[in-house]
Amino acid sequence: MADGLLDRVLVWAERYDMLPPPGGALLCAVSGGADSVCLLLMMCRAAREKGFSVFCAHYNHLLRGEESARDADFVRELCRRLDVHCVVGSGDVRARAAETGKGIEETAREMRYAFLRETADALGAARIATAHNMNDNAETMLLNLARGAGSAGLAGIAPARSGLVRPLLCLTRSEIERWLLEQGETWVTDSSNLLDEYARNRLRHEALPALESVNPAFVQHALDAARRLRADDAYLTELAENFLREKAETLSGCTALPVEALSRLPEPIFFRVLKKLGGQAITEGHAQDVRGLLHEGGSGKCVSLPGMKVCRSFGKLCFGVPEELPPLPVRCLDAPGAIEIPECGIVIRRTDGVPGKINKSFKKFYFEMTKGCGRITIRPKIPGDRLRLPGRGCTKSLKALFAEAEIPAWERARIPVLADENGLLAVVGFGADERRLAAPGEAAILIEIEERD
């Protein structure tokens, strides 16, 4: 049975490309419990067969006093016997948890995995093996279900992800312990695993036995279900990524998506699009808020997601809208020279007394000297601003012009307006007021707009 169990692990490991190539290295995370002792023993046998190196890492969380020290000593002795290089680290989990306000379990996990990654990097190990088993996977699925997870959370523990591999995920806890006994091996028991104050322990001691009484193969069925859920989630996530590649564009520094296309997305893909844009903190409630913008929101309406503001701007939904930006500061161009507008990446240059042929351009404006233009002010729009563009035959408010051009509401106060004591001269990106322009042959003030890289 012992060889058969090891063969199962090796087949599982090959299936998910868990083992390093010949000459490579694998770091095993070993607590001293049955699962991690089994992991180290099996990986040492696999290493001899396949020609890679095995290292061991043990992390002391300083949570159980003498028992924690006992575990570290046990792992050191095991590695000495197996001739495996062992790195032992430690950290004050309670102090860090108090400092950050996070729970003990979450903090312990973060500190442990940080230590494992640092150790793997130092040793040149491309993969880190942890000893999660089939029961752990079932517990994780139940715990995530109780916390309200979606399909990604219900998919349990991934066999391999981001350099972390779980070679024992194909074995039950009882199979592991039987195998160790047959090998004549011992292990240590973490007394905190016996306490029901932790949610995972309550599931282990109460929920799993109850479910196995309904079907003894429950943990195997849970592993199979997790695999199917991962496959489904991967496919739906790929569809969401394809949608973003095809439809997303950058608009005023935000990611913009067409309202019509978003509205047609099936719920599973829509939710994954949001998670791709907003991260794992996105919930169903956030998705409903964004749906509200699609179906009921007018242009300029916004909702807040974790770390992100989403606004509707005409026919697009914009993700990552900046918080309220200050309007452009008022600047004056009193005499020939240039002034930089760093907020817009432009320089506005003034040259006085320039007669001659006038070329129509959105970046060159010739204003008649006799119609004012003494002190030119560069400022944001203000209520009542109106502009008569050449050839339009009408005067429009800047509010109407910006709406026609579908300028996002949060960008409008950042568009430079040129004015003097007699009113508007020009709006950058739109043009000059035809009533203020010089005629060919008249002495003029030339205003040029240059873009900066």
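The values are calculated or read from the model by the stated rules, or taken from the named source; none is laboratory data. Not measured: the values here are computed from a predicted model. Reconstructed Cβ throughout: ideal geometry from the backbone, glycine too, with neighbour counts over all protein chains shown.
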Self-check item: Filter pass, GLU340 being surrounded by fewer than 17 Cβ atoms within 10 Å (Cβ to Cβ), assigned by TED's automatic domain parsing to the domain that holds ILE415 and modelled with pLDDT of 85 or more
Solution: yes
Counting only helices (runs of 4 or more DSSP H) entirely within segment 143-238, those with at least 3 residues that are assigned by TED's automatic domain parsing to the domain that holds ALA131 and in contact (Cβ under 8 Å) with a residue 12 or more places away in the chain are 151-154, 173-183
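Enumerate the strands (runs of 3 or more DSSP E) found wholly within segment 14-91, keeping only those where 2 or more residues are polar (S, T, N, Q).
The qualifying strands (runs of 3 or more DSSP E) are 53-60.
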Subset of segment 90-135, residues farther than 19 Å from SER192 by Cβ and surrounded by fewer than 18 Cβ atoms within 10 Å (Cβ to Cβ), comes to GLU99, THR100, GLY101, ALA114, ARG117, GLU118, ASP121, ALA122, LEU123, GLY124, ALA126
Do we find a residue being in contact with a Gly (Cβ under 9 Å, 6 or more places away or on another chain), closer than 30 Å to ILE447 by Cα and not in a loop (DSSP other than H, G, I, E, B) anywhere in segment 246-266? no
Picking from ALA409, ALA400, ALA426, ALA439, the residue that is under 43 Å from the mean Cα position of the chain (by Cα) and loosely packed, with under 14 Cβ neighbours inside 10 Å would be ALA400
**Item:** Qualifying residue in segment 53-60 (condition: touching a helix residue (DSSP H, G or I) at 6+ places or on another chain (Cβ under 7 Å) and surrounded by fewer than 15 Cβ atoms within 10 Å (Cβ to Cβ))
**Value:** no
**Q.** Flag for VAL259 being outside the structural domain of ALA34 (by TED's automatic domain parsing), in contact with a Lys or Arg (Cβ under 7 Å, 6 or more places away or on another chain) and not acidic (Asp, Glu)
**A.** yes
Would you confirm, using the coordinates I've provided, whether GLU139 is charged (D, E, K, R), crowded, with 22+ Cβ neighbours inside 10 Å and either part of a helix (DSSP H, G or I) or on the phi > 0 side of the Ramachandran plot (or both)?
yes
When every residue in segment 276-305 that is touching a strand residue (DSSP E or B) at 6+ places or on another chain (Cβ under 9 Å) and in a helix (DSSP H, G or I) is compared, the one surrounded by the fewest Cβ atoms within 10 Å (Cβ to Cβ) is GLY292
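Which of the residues that make up segment 157-183 are of a type in the set (Gly, Ala, Ser) and within 20 Å of ARG117 (Cβ to Cβ)?
Hits for segment 157-183 are ALA158, ALA160, SER162, GLY163.
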